[in-house]
Amino acid sequence: QVQLVESGGGLVQPGGSLRLSCAASGIIFSIYGMGWYRQAPGKQRELVATITSGGSTDYADSVKGRFTISRDNAKNTVYLQMNSLKPEDTAVYYCNADLKSSNWDTYHRSWGQGTQVTVSS
């Protein structure tokens, strides 16, 4: 069984910063991609940023230049540094990981439970 646990969410004023963390634990043989999605009230879940095991990154246009995704492969952890936050960044942020639990397994996607980020004055 694999668990992804997010932390670091909270309330921040516009222009402020937050750093989200997501640690994967359990029986893990390999993790390929990791990423962050978000879902605002009444909206569909959307991609925020992704990162491969080799460090290649991709970002939604709405967060480019403000958010930075990174990962620590030794700790099976992915981070999201969020700067210059705007009210429209308010959402529940979810992390995911494409992983397998043995050499004979196939990659499958696991999700965290989500962490609330609220940007408001």
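The values are calculated or read from the model by the stated rules, or taken from the named source; none is laboratory data. Keep in mind it's a predicted model, so treat the numbers as computed, not measured. Heads up, the Cβs are rebuilt from the backbone with ideal geometry, glycines too, and the neighbour counts pull from every protein chain shown. Ligands, DNA and RNA are excluded from the accessible area calculation, which covers all protein heavy atoms including side chains. Shrake-Rupley method; radii C 1.70, N 1.55, O 1.52, S 1.80 Å.
Accessible surface area normalised per residue over the chain is 53 Å², counting heavy atoms of protein chains with a 1.4 Å rolling probe.
Carbon and sulfur: what percent of the chain's accessible surface (1.4 Å probe)? Mind showing how you got there, number by number?
Values: 3030 of 6430 Å².
Ligands and nucleic acids excluded, carbon and sulfur give 47 percent.
If the chain between N103 and S56 were fully stretched, how many nm would it gain, using 0.36 nm times the residue separation less the Cα-Cα distance?
Gain in length upon complete extension: 14.6 nm.
With contacts taken as Cα pairs under 8 Å at a separation of at least 6 residues, the chain carries a relative contact order of 36 percent. Here segment 29-121 is treated as a Stokes sphere of Kirkwood radius computed over C-alpha pairs; at 4 °C and 1.567 mPa s its diffusion coefficient rounds to 93 µm²/s. Protection proxy ranking for 100-111, 12-23, 36-47, using the average of other Cβ atoms within 10 Å per residue and placing the highest first: 12-23, 36-47, 100-111. Placing pseudo-labels 7 Å out from each Cα toward the beta carbon at I28 and K86 gives an inter-label distance of 3.2 nm.
Just checking the listed ones, A24, A60, A97: in the Gaussian network model of the chain with Cα springs under 10 Å, the one fluctuating most is A60.
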